[in-house]
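The structure under discussion appears below in the form of structure tokens.
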Amino acid sequence: MQLILNGINHRYGSMPVLSDIDLEIPAGEIVCIVGPSGCGKSTLLRLIGGLERPDEGAVLEHGAPPADSLNPLTYIFQDFALLPWRSVAGNISLALEDHGLGKAKTDAIIDDVLARTKLSDFKTALPRQLSGGMKQRVAIARALAVRPAVLLMDEPLSALDSQTRELLMDDLVGLWSKTPFTAVYVTHNLNEAVRLGHKIVVLSRRPGRIREVVSIDMPLAERADRVGELASKQEQLWSLIRDEAAAADMELIDA
Amino acid sequence: MPENPTSQPVPFRGGGFNPRPRALIGLAVMVVLIAVWETGCRTGIIHPLVLPAPSEAATAFMELVDSGLLWTHLGASLSRLVIGWTAGTILGITVGFAIGLFSLARAGMVPLVAAIFPIPKIALLPLFIIWFGIGEGSKVATILFGTFFPTVVATYGGVDNVDRGLIRMGQSFGLSWVSIVRKIILPGALPAILPGFRISAAIAIVLLVAAEMIGAEFGVGAYILMAGSLMAMDQLIAGVAILSTIGLTVSWIIGRAEKALLRWRV
Ligand SMILES: Nc1ncnc2c1ncn2[C@@H]1O[C@H](COP(=O)(O)OP(=O)(O)OP(=O)(O)O)[C@@H](O)[C@H]1O
Ligand SMILES: [Mg+2]
């Protein structure tokens, strides 16, 4: 399944937040969205996943999602959004319970995604017993459990320290290399963008419009070892948003 | 680093602000208090007409047990308490959820709750007697009413405080409305609802006694009233001790419930 964003405009009250966004999210690719703080990245992601309606334009699904997909558009949140009163397995089963799969099938899915995210030993742990990195892996496992057609990630690694972030990036690359998934990945971190993005969309400061789309052809699996070659891309991205970021930083929030 | 002839450890400024359970202290405080009281009475410092000795109250209590009336009084009181509190709590949680979830219920009910909550329910007892009769009805209604309002306020406060991010997460996974309410909002509001039980249970006991003082044949409140009018201070103290025991038991049960249901909190 492919997503097509058609002439999206959105405002909060009288403040325009997104302006004329046209974008294609091809199947099996990771599209990164970068831009200065407050430019509307999270808003765009909420529009893509149907949590909010755009004022103008539309987000179109092109082609049907795979038949076995339980929740085609699935989020991974920056703050993990785990239920603190449910165990790791319970948090994953939350996403499955409404689908009436039966206990055997549910358990099989949970075991499978826990194994894929290397969490099998923590099945019965409560979120408060887990480190930040583990919590995000639980959230990733929960997202994988519903077999999404598109993963929508809003700064999934921003709450983590840089070592954990590095490990989780490897995990994401590993997961993608085994079974390529489609994803929209919002981040502040240009290094994450060049490590994970097939396409990197640079937004201007608010109202966010697309300034440039940078493509990177290097296979994801090779990027960790070839960071030197990525540095120029990262430099290019930084020069695109530096002035905007500085200006956005000086803006009053609700000016 | 310059040589410092008078090196000393950094002064400690942390610690505190973290009360821990100490099981025996509460018991010790009670034992000491009763011992002081008993000695005061035995030595004549406290006049027996002012305050009877704990041992006399204990004797009065044993008489009550022997006469077999303890269970009659206790049974009458507990059944009113349980029925009134349970009904008030169920209604309160229901209305609290409605206020927390629906704009219309919020707009309609919040001012009403604010207007009726501060009225002492005892003041309404004569009205309840006219409406529900002098028997069990008016007593249960008083307790129900008294329990209802604090539960409503605690519940909708709890619902309001549920992390919106978790609700959005539920929506993003396509959970049904019922699932979101049952699996996200209800457990999320529980940390606010359970402490509300402590308050509503205390209010229920206060109202129970007040209601039993008007036209009840049996009940701890009736027993205390009778003791008071006979100036039987030992029986009065025994009756008050029974109430305290009910209060302690209820608080213990709620504490256990909190431990079991809120284990997930730090
Ligand atoms: N629900 C809302 N109501 C009103 N204004 C909002 C709402 N959500 C976001 N905004 C405003 O819209 C603008 C864009 O917000 P958004 O969260 O999409 O930015 P962002 O690019 O994700 O920022 P950040 O990089 O800080 O995460 C901000 O100015 C924000 O204050
Ligand atoms: Mg954001």
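Odds and ends about this structure:
- Selection from region A:227-249 of residues that are among the basic types (Lys, Arg) and either more than 25 Å from A:Glu29 (Cα to Cα) or modelled with pLDDT under 90 (or both): A:Arg242
- Residues that are over 19 Å from A:Val31 (Cα atoms), under 17 Å from the mean Cα position of the chain (by Cα) and more than 16 Å from ligand 1 (Cβ to nearest atom) within region A:58-79 comprise just one, A:Asn71.
- Residue within region A:83-97 that is surrounded by 15 or more Cβ atoms within 10 Å (Cβ to Cβ), under 20 Å from the mean Cα position of the chain (by Cα) and of a type in the set (Lys, Arg) present: no
- Flag if A:Asp55 is charged (D, E, K, R), away from ligand 1 (no atom under 16 Å from the Cβ), more than 10 Å from chain B (Cβ to nearest Cβ) and farther than 18 Å from A:Gln136 by Cα: no
- For region B:178-197, the set of residues classified as more than 14 Å from every other protein chain (Cβ to nearest Cβ), of a type outside the set (Gly, Ala, Ser) and either buried (at least 17 other Cβ atoms within 10 Å of the Cβ) or without any contact (Cβ under 8 Å) to a residue 24 or more places away in the chain (or both) consists of B:Phe197 only.
- Matching entry among A:Ile76, A:Ile92, A:Ile4 (being within 14 Å of chain B (Cβ to nearest Cβ), away from ligand 2 (no atom under 16 Å from the Cβ) and of a type in the set (A, V, I, L, M, F, W, C)): A:Ile92
- Filtered residues of region B:220-250 (kept if open to solvent by less than 50 Å² (accessible area, probe 1.4 Å) and farther than 24 Å from B:Leu49 by Cβ): B:Ile246, B:Gly247, B:Val250
- Comparison of A:Glu251, A:Glu229 shows that the only residue that is of a type outside the set (Lys, Arg), in a loop (DSSP other than H, G, I, E, B) and open to solvent by 60 Å² or more (accessible area, probe 1.4 Å) is A:Glu251.
- Helices (runs of 4 or more DSSP H) contained entirely in region B:30-139, each with at least 3 residues that are more than 27 Å from the chain's Cα centre (by Cα): B:54-66, B:103-116
- Residue list for region B:152-177, filter: at the interface with chain A (Cβ under 9 Å from one of its Cβ atoms) and either within 29 Å of B:Ser200 (Cα to Cα) or of a type outside the set (Ser, Thr, Tyr) (or both): B:Asp163, B:Gly165, B:Leu166, B:Arg168, B:Met169, B:Gly170, B:Gln171, B:Phe173, B:Gly174, B:Leu175
- Inter-residue pairs, beta-carbon under 8 Å, first open to solvent by less than 100 Å² (accessible area, probe 1.4 Å) and in region B:6-35, second at pLDDT 90 or above, 6+ apart: B:Ile34/B:Pro54
- For region A:33-45, a tally of residues being within 9 Å of ligand 1 (Cβ to nearest atom) and under 13 Å from A:His188 (Cβ atoms) returns 8.
- The residues on offer are B:Val181, B:Val162, and the sole one that is under 17 Å from A:Ala81 (Cα atoms) and not in a helix (DSSP H, G or I) is B:Val162.
- Among the criteria (1) within 13 Å of chain B (Cβ to nearest Cβ); (2) over 21 Å from A:Val214 (Cα atoms); (3) within 16 Å of ligand 1 (Cβ to nearest atom), the one A:Leu157 does not fulfil is (1).
- Residues that are of a type outside the set (Val, Ile, Thr), within 14 Å of chain B (Cβ to nearest Cβ), within 10 Å of ligand 2 (Cβ to nearest atom) and touching a residue at least 12 places away in the same chain (Cβ under 8 Å) within region A:41-50 comprise A:Ser42, A:Leu45, listed in sequence order.
- Scan region A:15-40 for residues that are crowded, with 23+ Cβ neighbours inside 10 Å, within 14 Å of ligand 2 (Cβ to nearest atom) and under 18 Å from A:Gln78 (Cβ atoms) and the total you get is 7.
- Hey, A:Val201 among the β-branched types (Val, Ile, Thr), within 26 Å of A:Tyr12 (Cβ to Cβ) and open to solvent by less than 30 Å² (accessible area, probe 1.4 Å) or not: yes
- Any hit, region A:163-179, residues being at pLDDT below 95 and within 13 Å of chain B (Cβ to nearest Cβ): no
- Any hit, region A:168-190, residues being open to solvent by 20 Å² or more (accessible area, probe 1.4 Å), assigned to a loop (DSSP other than H, G, I, E, B) and within 13 Å of ligand 1 (Cβ to nearest atom): yes
- Test: A:Ile216 is under 10 Å from A:Gly35 (Cβ atoms) and either more than 16 Å from ligand 2 (Cβ to nearest atom) or at pLDDT below 95 (or both): no
- Screening the candidates A:Arg128, A:Arg137 for the property of being open to solvent by 60 Å² or more (accessible area, probe 1.4 Å), in a helix (DSSP H, G or I) and touching a residue at least 24 places away in the same chain (Cβ under 8 Å) yields one hit, A:Arg128.
- Single match in B:Leu91, B:Leu81, B:Leu101 (criterion: farther than 29 Å from A:Arg86 by Cβ and away from chain A (no Cβ under 14 Å)): B:Leu81
- Where A:Ile30 falls short, out of the listed (1) modelled with pLDDT of 95 or more; (2) away from ligand 1 (no atom under 16 Å from the Cβ); (3) over 30 Å from A:Leu240 (Cβ atoms): (3)
The values are calculated or read from the model by the stated rules, or taken from the named source; none is laboratory data. All values derive from a computational prediction rather than experimental measurement. Every residue, glycine among them, receives a Cβ derived from its backbone with ideal geometry; neighbour counts consider all protein chains shown. Quick note on the areas: whole protein, heavy atoms, side chains included, nothing else; ligands and nucleic acids left out. Shrake-Rupley method; radii C 1.70, N 1.55, O 1.52, S 1.80 Å.
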